[in-house]
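Note sheet for the following structure.
Laboratory data are not the source of any read-out in this text; all were calculated from the coordinates shown. The model shown is predicted, which means the values in this text are computed figures rather than measured ones. So basically every Cβ, Gly included, is an ideal-geometry build from the backbone, and we count neighbours across all protein chains shown.
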Amino acid sequence: MSSEQLQQLLAWLNNQIHHANTAINESRELQNYGREAQYAGMKEAFEKCLGQLSARI
């Protein structure tokens, strides 16, 4: 994977984490705890990937 592709992937992961945070906050306000849990799991997975990829830089 080229450096440019890696940077694009890192940016995409950061964007997905931001989107998940927004969805978590909205779900919490609406008391939709199932949706909140789903997005919390997605956020955790994105953060794990981001951490592993960031360690490669």
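Quick notes on this structure:
- Cα-based helix-to-principal-axis angle, 33-56 vs the chain, degrees rounded to 10: 10 degrees
- Look at the alpha carbon pairs under 8 Å that are at least 6 residues apart: their mean separation over the length of region 10-56 gives a relative contact order of 48 percent.
- Values of log10 I(q)/I(0), in the order q = 0.21, 0.27, 0.29 Å⁻¹, for the chain under a Debye, Cα-only, solvent-free model: -0.73, -0.98, -1.06
- The length gained by stretching the chain between Glu26 and Gln7 to full extension, at 0.36 nm per residue less their Cα-Cα distance, is 4.0 nm.
- About its Cα centre, the dipole of the chain is roughly 120 debye, where the only charges are +1 on Lys and Arg Cβ and -1 on Asp and Glu Cβ.
- Computed from Cα atoms, the angle from the helix 3-29 axis to the main principal axis of the chain rounds to 10 degrees.
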